[in-house]
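The values are calculated or read from the model by the stated rules, or taken from the named source; none is laboratory data. Just so it is clear, the model here is predicted, and its values are computed rather than measured. Here the Cβ positions follow ideal geometry from the backbone for every residue, glycine too, while neighbour counts run over all protein chains shown. For accessibility, only protein heavy atoms count, side chains too; no ligands or nucleic acids. Shrake-Rupley method; radii C 1.70, N 1.55, O 1.52, S 1.80 Å.
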Amino acid sequence: MLLGLAEVAAAQGVVIARVTPAAVVEALKGELLPQGFQMVHSDEKGALFALDRGMVQQQGTSGPVGGSVVHIVLEFSVRFKQKEEGLQVTAREEVVGNPRSSIQFRKPVESQAERNNMQRLLESIRDSLEARRDST
């Protein structure tokens, strides 16, 4: 069972040969900025993009935010790690409620559909960067 969980957790990642973190960030910007994301931060170790969803009605009645209206921001983060075979790029997505408040909460995106979307995005970036590199 643990092996299956490890595979799912590692699924949102790719290795891209002969590429820099800056090139990956530029490719991600080309995909994410048109969707409304904003670049928050980037360096040689990672990048963070955020999509402000505004005030969103929360379902349910339990917990500190159940049934209330909460400011929601979707954060898409990538991490870079240089490996022998290339640059390892991993991604995760979190929903952040009340982002500028002492009652902030974070919830990792857990749906398989969203994980699949992140994986497809990373594979598309990898394929695009490798095709561009191979054509020069």
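Per-structure values
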read-out	value
Matching residues, region 30-47, being assigned to a helix (DSSP H, G or I) and touching a Ser or Thr at 6+ places or on another chain (Cβ under 9 Å)	Gly30, Glu31
Sole exception among (1) farther than 21 Å from Ser42 by Cβ; (2) open to solvent by less than 50 Å² (accessible area, probe 1.4 Å) for Asn116, by number	(2)
So Arg53, is it of a type outside the set (Val, Ile, Thr), modelled with pLDDT under 95 and within 16 Å of Val109 (Cβ to Cβ)	yes
Subset tally (residues that are outside any strand (DSSP E or B), more than 12 Å from Ser77 (Cα to Cα) and open to solvent by less than 50 Å² (accessible area, probe 1.4 Å)) for region 15-29	6
Pair list, Cβ under 6 Å, 6 or more apart: region 92-110 residue surrounded by 11 or more Cβ atoms within 10 Å (Cβ to Cβ), other residue aromatic (Phe, Trp, Tyr) and not in a loop (DSSP other than H, G, I, E, B)	Glu93/Phe76; Gly97/Phe105
Residue match in region 63-70 (condition: among the β-branched types (Val, Ile, Thr), open to solvent by less than 50 Å² (accessible area, probe 1.4 Å) and under 28 Å from Ala23 (Cα atoms))	no
In region 80-136, residue nearest to Val70 (Cα to Cα) [restricted to those that are outside any strand (DSSP E or B) and of a type in the set (Gly, Ala, Ser)]	Ser101
